Amino acid sequence: MFYREAGQFKTSYAADMAIFPIRQDRIGLGLILIGAFVVIPLAGNQFLLNSIMIPFLVFSLAAIGLNILTGYTGLLSLGSAAFMGVGAYACYKLSTFFPQVNILVWIVASGFVSSAVGVFFGLPSLRIKGFYLAVATLAAQFFLQWCFARVPWLYNDNTSGAIEVSTHTLFGLPVTGPNATPATRYLVVLTIVAAMAWLASNIVHGRIGRMWMAVRDMDIAAQLMGIRLLRAKLLAFAVSSFYVGVAGALMVFLWLGAAEPEAFNINLSFLLLFMVIIGGLGSIVGAFLGAALIHILPILLRALPALVGLNLGSATIEQLTFMVTGALIIFFLIVEPLGLARLWRIGKQKLRVWPFPY
Amino acid sequence: MSLIYQIFVDPFVQMAGAPDLLAQTVWEGFVGGVLYALIALGFVLIFKASGVFNFAQGIMMVFAALTLVGLHEKGVPAWLALIATIGVMYVLALGVERIVLRPLVNQPDIILFMATFGLTYFLIGLGELLFGGNPKTMITEQLYLPSGAIDLKILGGTVSLQKIDIAAAIIALVMVAGLGLFFQKTRIGRALRAVADDHQAALSVGISLNQIWVVVWFAAGIVALATGILWGARSDVSFALQIVALKALPVLILGGLTSIPGAIVGGLIIGIGEKLGEFYWGPIFGGGIESWLAYVIALAFLLFRPQGLFGEAIIERI
């Protein structure tokens with residue numbers, strides 16, 4: 001019907017390898033971007049922007065980062081929350097040292113700090129594999145979290161032990177701190193996430209992405225083909241930690257406004273891993289889908305009993321949310337172990353050949 | 001210079017100066033290690049037989065202990081509550097096998113790992129729904145577990161041993177010996193080892209995988225119950241214990257994912273190492289290093305033996 005590529009001829013290799021080779025895909029992406037940049041800030045209320053869209057985008061960015069490491073390079077990591085913390089604390093320190101510099105510069109710079117820490121903790125990956133590596137990354141998780149709580153220099157000796165964001169402006173508009181409007185913060189987050197998702201998509205479709213996938217599928221074979229494992233794996237750690245670190249900085253500066261070390265605990269790491277796996281390993285779209293599902297599902301579940309008229313206590317709702325989330329995770333894994341990204345692809349394929357079955 | 005002295009000399013001077021304190025610290029580490037080893041044992045059982053890295057072991061322990069205490073609070077006598085809890089663990093094993101494992105046969109490890117995460121969430125919700133989220137006190141006396149302490153006058157001082165800790169060490173020992181015998185000498189144990197070795201070969205000689213999985217998950221459930229009782233007797237029974245269970249992970253990789261003796265030795269190394277580290281080196285770093293020291297110890301061992309101390313050597317072929 002409308003989603004058909006008949007008549008769209010590719011005349012060059014570049015056109016054939018394009019990320020969106022079908023015109024309808026490009027139109028669809030354009031519509032989504034217009035919706036995200038124009039419609040949502042105009043039409044959305046504070047709750048939609050603050051509690052759904054901004055966290056969703058932040059988690060998507062972190063999930064893209066983890067996906068680069070786990071989905072594309074095959075290195076299981078349970079320490080991603082700690083790297084979000086590194087990004088957040090680095091951004092906090094940098095912005096208090098040099099408050100007059102543009103905050104966006106520091107958000108990107110904190111990604112590089114996180115990247116350096118990531119490379120350091122990625123060094124064991126050369127010798128340790130699989131679940132053994134996962135537990136090794138737990139060392140990063142617990143050590144870094146301990147640092148956030150115990151090194152007073154990191155939180156400027158605040159008595160509360162938490163980091164708080166002061167007001168920074170961009171083109172005269174406050175983008176962080178209590179004075180920033182949700183719409184401004186949303187647009188800043190959206191711009192950064194869209195740019196970084198575009199960048200990630202290009203990285204994983206190019207030479208570097210193929211190198212990572214070769215390492216994932218069998219690292220010894222990749223080594224025999226001339227891929228230098230040390231560089232490939234450490235590069236994956238660096239890029240992944242960069243994304244996760246920027247996501248952490250965004251989380252504190254543009255979403256929460258303040259954070260304690262507990263905000264970066266192990267549960268957040270698990271949550272990110274859920275997003276990556278439910279969304280689909282090795283897929284950028286999957287990171288967005290997974291983040292949407294894992295973040296929005298509990299919000300919906302909490303709202304559901306009130307909608308159908310049931311009057312349950314808030315504690316009961318919380319417990320039921322846990323149970324249903326757990327059951328749904330198992331359900332999704334059984335129905336489609338390759339994740340939502342795979343369902344997305346199947347759906348597109350069906351639409352393409354509709355009304356014929358194949 | 002003084003930092004080097006503080007790290008490399010001073011702790012040992014302290015150790016030599018007060019041997020009774022050292023003995024006390026080592027004993028506490030030993031007991032902690034035994035309990036870590038018990039949790040790790042549950043992991044190893046399931047990993048050996050089904051290749052599943054069972055993240056839910058920690059919550060299974062909490063869930064078992066909660067069921068026991070919760071039933072007793074509702075007026076069920078202790079012995080009946082114990083039997084009922086064992087029954088619950090059996091039903092759980094059956095359910096996990098039927099609902100989670102069977103549809104996911106032959107999936108990649110990470111998918112199964114994630115499925116046990118889903119199970120963890122489910123059990124957290126269920127446990128809180130049934131028994132409430134407040135910490136509970138373990139019914140120590142009703143289960144005839146000893147309390148109080150023995151004071152030993154040795155090494156020029158007093159070393160105090162909690163009786164419950166001694167009981168924990170003995171129970172752990174009995175359990176490991178029992179599981180060892182079960183694996184080596186019984187028919188089901190042999191079948192378990194066959195499954196651990198090769199799923200397909202085991203199937204071809206007529207071993208029912210489904211049945212075996214129920215058996216191992218049930219065995220892991222029993223281990224979880226015992227661990228839950230012992231941990232619960234030392235502190236309260238609460239969902240915070242689940243975080244303690246994460247400490248079993250470094251124990252597990254230190255010992256090797258597939259080795260029962262490895263779990264024990266790993267548990268002792270981690271337990272004693274972390275207590276000594278916290279007590280003698282902790283103050284230099286400002287305390288609280290217990291939270292990550294175990295992982296760093298495990299990491300240090302792994303760099304030299306990537307498959308753990310007792311794990312099977314990893315052979316990679318193209």
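The values are calculated or read from the model by the stated rules, or taken from the named source; none is laboratory data. Keep in mind the model is a prediction, meaning the values are calculated, not measured. Neighbour counts are summed over all protein chains in view; Cβ atoms, including those assigned to glycine, are modelled from backbone coordinates with ideal geometry. Only protein heavy atoms, including side chains, enter the accessible area calculation; ligands, DNA and RNA are left aside. Shrake-Rupley method; radii C 1.70, N 1.55, O 1.52, S 1.80 Å.
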_Place a point 7 Å from Cα of A:Met17 in the direction of its Cβ. Which residues in the stretch A:190-224 have their backbone N less than 16 Å from it?_
A:201-214
*Most fluctuating residue given options A:Tyr132, A:Tyr89, A:Tyr72, as computed from a GNM of chain A linking Cα atoms under 10 Å*: A:Tyr132
*Roughly to the nearest percent, how much of the accessible area of the protein assembly as shown is carbon and sulfur, given a 1.4 Å probe?*
68
*Using Cα pairs closer than 8 Å and at least 6 residues apart in sequence, work out the relative contact order for the stretch A:43-264, in percent.*
42
*From phi via Karplus (6.51, -1.76, 1.60), per-residue ³J(HN,Hα) for the stretch A:29-34 in Hz, x at Gly/Pro*: 4, x, 4, 4, 5, 4
_Largest first and in whole Å, what are the equivalent-ellipsoid semi-axes of chain A based on the Cα gyration tensor, each being the root of 5 times an eigenvalue?_
31, 27, 23
*Do the alpha carbons of any pairs in A:Lys129/B:Lys247; A:Lys129/B:Lys185; B:Lys74/B:Lys247; B:Lys74/B:Lys136; B:Lys48/B:Lys185 sit beyond 23 Å of each other, and which pairs?*
A:Lys129/B:Lys185; B:Lys74/B:Lys247
*Residues in the stretch A:248-285 reached by a label modelled at A:Leu170 [backbone nitrogen below 11 Å; 7 Å Cα→Cβ]*: A:250, A:254
_Hydropathy at least 0.5 by Kyte-Doolittle, axial extent at least 20 angstrom from the Cα trace: which helices of chain B, defined as entire DSSP H runs, fit?_
B:19-50, B:57-73, B:78-95, B:109-131, B:163-185, B:209-234, B:260-276, B:290-304
*Could you list log10 I(q)/I(0) for the protein assembly as shown at q = 0.06, 0.07, 0.10, 0.12 Å⁻¹, which the Debye formula gives when each Cα is one point scatterer?*
-0.37, -0.51, -1.05, -1.46
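Can you compute the FRET efficiency between A:Arg127 and A:Thr159 using 1/(1 + (r/R0)^6), with r the Cβ-Cβ distance and R0 = 35 Å? Round to the nearest 0.05. Mind showing how you got there, number by number?
Numbers: r = 43 Å, r/R0 = 1.22.
Once the sixth-power term is evaluated, E becomes 0.25.
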*Most fluctuating residue of A:His168, A:His295, A:His205 in a GNM of chain A with Cα springs under 10 Å: which is it?*
A:His205
_Order of exposure, largest accessible area first, which applies to B:Phe285, A:Phe2, A:Phe171, A:Phe131 with probe 1.4 Å_ = A:Phe171, A:Phe2, B:Phe285, A:Phe131
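Give, in nm to one decimal, the length gained when the segment between A:Thr316 and A:Leu229 is fully stretched (0.36 nm per residue of separation minus the Cα-Cα distance).
Working: separation 87, 0.36 × 87 = 31.32 nm, distance 4.96 nm.
Stretched fully, the A:Thr316-A:Leu229 segment lengthens by 26.4 nm.
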*Take every residue in peptide B:306-313, count the Cβ atoms of other chains within 10 Å of its Cβ, and give the average of those counts.*
2
*Would you please classify the overall shape of the stretch B:196-318 from the alpha carbon gyration tensor, given that a ≥ b ≥ c denote the square roots of the eigenvalues, rounded means a/c under 1.5, and beyond that prolate means a/b larger than b/c while oblate covers the rest?*
oblate
*Would you jot down the residues in the stretch A:237-284 that end up with at least 20 Å² less accessible area in the complete protein assembly than in the chain alone, with a 1.4 Å probe?*
A:Ile266, A:Phe270, A:Leu273, A:Phe274, A:Ile277, A:Leu281
*Using alpha-carbon positions, what is the distance between the centroids of the stretch A:310-351 and the stretch B:2-68, in Å?*
36
_Given the DSSP H assignment, sum -39500 (n - 2.57) over each helix run of at least 4 residues in chain B and divide by its residue total; what's the result at 222 nm in deg cm²/dmol, nearest 500?_
-22500 deg cm²/dmol
*Want the number for B:Ser208 to B:Arg317: 0.36 nm per residue separation, take away the alpha-carbon distance, what's left?*
36.3 nm
*With label points built 7 Å along Cα→Cβ from the Cα atoms of A:Val119 and A:Trp354, find their separation and express it in nm.*
4.9
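Less than 9 Å Cβ to Cβ from B:Glu274, Lys/Arg counted +1 and Asp/Glu -1: what total charge do the surrounding residues give? Present the calculation step by step, with values, prior to reporting the outcome.
Values: positive: B:Lys247, B:Lys275; negative: B:Glu278, B:Glu290.
In short, 0.
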*If the chain between B:Ser235 and B:Arg187 were fully stretched, how many nm would it gain, using 0.36 nm times the residue separation less the Cα-Cα distance?*
13.5 nm
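Could you work out the relative contact order of chain B? I mean the mean sequence separation of Cα pairs under 8 Å and 6+ apart, divided by the number of residues, in percent. Please list the in-between numbers first.
Numbers: 439 pairs, mean separation 104.9, N = 318.
Once divided by the residue count of chain B, the mean separation gives 33 percent.
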_Solvent-accessible area per residue for chain A (1.4 angstrom probe, square angstrom)_ = 46
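Between rounded, prolate and oblate, where does the stretch A:1-127 land on the alpha carbon gyration tensor, with a ≥ b ≥ c its root eigenvalues, rounded for a/c under 1.5, else prolate if a/b exceeds b/c?
Working: a/c = 2.32, a/b = 1.39, b/c = 1.66.
Taking the square roots of the gyration eigenvalues as a ≥ b ≥ c, the stretch A:1-127 is oblate.
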